[in-house]
Amino acid sequence: MNCAALLLLADGRFPAGGHAHSGGAESAVAAGQIKDADALEEFCRGRLHTAGLVAAALAAAAAAGHDPLALDRAADARTPVVALRDTARKLGRQMMRAARATWPSAELDALAAARPRGAHQPVVLGLAARSAGLAPLDAAYAAVYETVSGPATATVRLLSLDPFDATAVLARLAADLDDVAATATTAAQRVLHEGTDALPAASAPLLDIGAQQHATRPARLFAS
């Protein structure tokens, strides 16, 4: 494993645009679903085992070298809400810019040309990991960590939550992160023989509803 590359890819300072997004936390705070660290932990756990699992499997499959265009179509099929599809592609465009500047590769160039408006972010993340010499499990770890660290960081700003409490939430989720990353990578291995139907399609209706509502709010701190 290229530890330095994984640290760079998972670092919140990597210029992939994630800092402008809350992963649904802003909508959940507005709806009263996140009020404190305990509620944040439950929100992150739910997001991890649904949207996080799907994202990690897509990223692992892309890092394994499976067809990124097929994976992008699979991501579309697993993202029924327009607001989330738009967000995934915006983040994918920004991730692509950062990845091509950091780890140039013909595979990244080909996907950028085929999807000029942006491929889904987990697919680009996985291809970036591949270009950086990382394994599918590494890509899955980057995806699951992003799934929970984004909402945790956003909630610190939204609720003035103690950052130590937010970090403790992430620490308590460590075993879940391991399990989801492993499950996602196993699913990605099955794509070779079973196609993209082997990838998980876990849903999170409250996240979907919250994302669509958030997109219509006139005043918001985060883009999603």
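The values are calculated or read from the model by the stated rules, or taken from the named source; none is laboratory data. Treat the numbers as computed from the prediction; the structure is a model and nothing was measured. In this analysis, Cβ positions are derived from the backbone assuming ideal geometry, glycine residues included, and neighbour counts consider all displayed protein chains.
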Those residues of segment 136-169 that are free of Cβ contacts under 8 Å to residues at least 60 places away in the same chain and touching a helix residue (DSSP H, G or I) at 6+ places or on another chain (Cβ under 7 Å) come to a total of 2
Identify, from the list Gly65, Gly118, Gly32, the residue that is outside any helix (DSSP H, G or I) and without any contact (Cβ under 8 Å) to a residue 12 or more places away in the chain.
Gly32
For Ala182: the one exception among (1) surrounded by 23 or more Cβ atoms within 10 Å (Cβ to Cβ); (2) more than 15 Å from the chain's Cα centre (by Cα); (3) of a type outside the set (Ser, Thr, Tyr):
(1)
Sort out which residues of segment 151-179 are surrounded by fewer than 23 Cβ atoms within 10 Å (Cβ to Cβ) and touching a Gly at 6+ places or on another chain (Cβ under 7 Å), and write them in order of number.
Thr153
In segment 182-216, how many are closer than 26 Å to Ser27 by Cβ, modelled with pLDDT of 95 or more and outside any loop (DSSP other than H, G, I, E, B)?
1
Members of segment 123-161 found to be of a type in the set (A, V, I, L, M, F, W, C), part of a helix (DSSP H, G or I) and under 16 Å from Phe43 (Cα atoms), listed by number
Val144, Val148, Ala152, Ala154, Val156, Leu158, Leu159
Would a scan of segment 11-21 turn up a residue that is among the charged types (D, E, K, R), assigned to a loop (DSSP other than H, G, I, E, B) and farther than 15 Å from Ala204 by Cβ?
yes
Condition test on Asp72, is it touching a residue at least 24 places away in the same chain (Cβ under 8 Å), part of a helix (DSSP H, G or I), among the acidic types (Asp, Glu) and buried (at least 19 other Cβ atoms within 10 Å of the Cβ)?
yes
Restricting attention to segment 98-107, which residues are of a type outside the set (S, T, N, Q), part of a helix (DSSP H, G or I) and either crowded, with 21+ Cβ neighbours inside 10 Å or in contact (Cβ under 8 Å) with a residue 24 or more places away in the chain (or both)?
Ala98, Ala99, Glu107
Within segment 44-59, is even one residue assigned to a loop (DSSP other than H, G, I, E, B) and over 26 Å from Ala70 (Cα atoms)?
no
Between residues in segment 5-23 that are basic (Lys, Arg) and residues that are modelled with pLDDT of 90 or more and part of a helix (DSSP H, G or I), which pairs lie under 8 Å by C-beta distance while being six or more apart or on different chains?
none
Per the filter on segment 112-130, residues more than 18 Å from the chain's Cα centre (by Cα) and buried (at least 19 other Cβ atoms within 10 Å of the Cβ) are Ala112, Arg115
How many of the residues in segment 80-95 are surrounded by fewer than 24 Cβ atoms within 10 Å (Cβ to Cβ) and either in contact with a Leu (Cβ under 7 Å, 6 or more places away or on another chain) or part of a loop (DSSP other than H, G, I, E, B) (or both)?
2
Condition check for Ala30: modelled with pLDDT under 95 and either under 28 Å from Gly195 (Cα atoms) or touching a helix residue (DSSP H, G or I) at 6+ places or on another chain (Cβ under 9 Å) (or both)
yes
In this structure, does Ala219 turn out to be modelled with pLDDT under 95 and out of contact with any helix residue (DSSP H, G or I) (no Cβ under 7 Å at 6 or more places or on another chain)?
yes
